[in-house]
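The structure appears below as structure tokens.
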Amino acid sequence: MKPLPPKKVRRIVWLMLGVGGALAAGGVLAEIHLLTTIGVVVMLCGLGFQLLFYRCPHCGKYLDRSTGPFCPHCGRSIDE
């Protein structure tokens with residue numbers, strides 16, 4: 001299976017964090033504990049998704065917080 005491009009993974013993670021944060025905030029404001037829990041779970045799933053899929057497409061190592069155009073481990077472009 002071909003790895004997901006790092007840019008796409010970042011977009012998915014930010015989307016999950018945003019949706020989860022909105023759900024959690026809405027649940028807190030409306031005092032709906034189930035909605036708050038679902039929001040927190042969505043945010044945690046986003047972080048787990050990043051840990052699993054935010055990897056260099058060449059060497060496969062985790063990119064950590066790197067947002068640059070090159071892998072800090074192998075030095076190749078992550079946009080290829």
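Of note:
- Taking region 54-80 as the range and being of a type in the set (Ser, Thr, Tyr), surrounded by 11 or more Cβ atoms within 10 Å (Cβ to Cβ) and either under 17 Å from TRP14 (Cβ atoms) or modelled with pLDDT of 95 or more (or both) as the test, the residues that pass are TYR54, SER66.
- Residue match in region 23-45 (condition: under 23 Å from SER66 (Cα atoms) and among the small types (Gly, Ala, Ser)): no
- When LEU34, LEU44 are screened for being farther than 17 Å from LYS7 by Cβ and loosely packed, with under 13 Cβ neighbours inside 10 Å, only LEU34 passes.
- Screening LEU23, LEU51, LEU4, LEU15 for residues that are surrounded by 13 or more Cβ atoms within 10 Å (Cβ to Cβ) and assigned to a helix (DSSP H, G or I) leaves exactly one candidate, LEU23.
The values are calculated or read from the model by the stated rules, or taken from the named source; none is laboratory data. From a predicted model like this one, the values you see are computed outputs, not experimental measurements. Cβ coordinates were reconstructed from backbone atoms using ideal geometry, including for glycine residues, and neighbour counts include every protein chain displayed.
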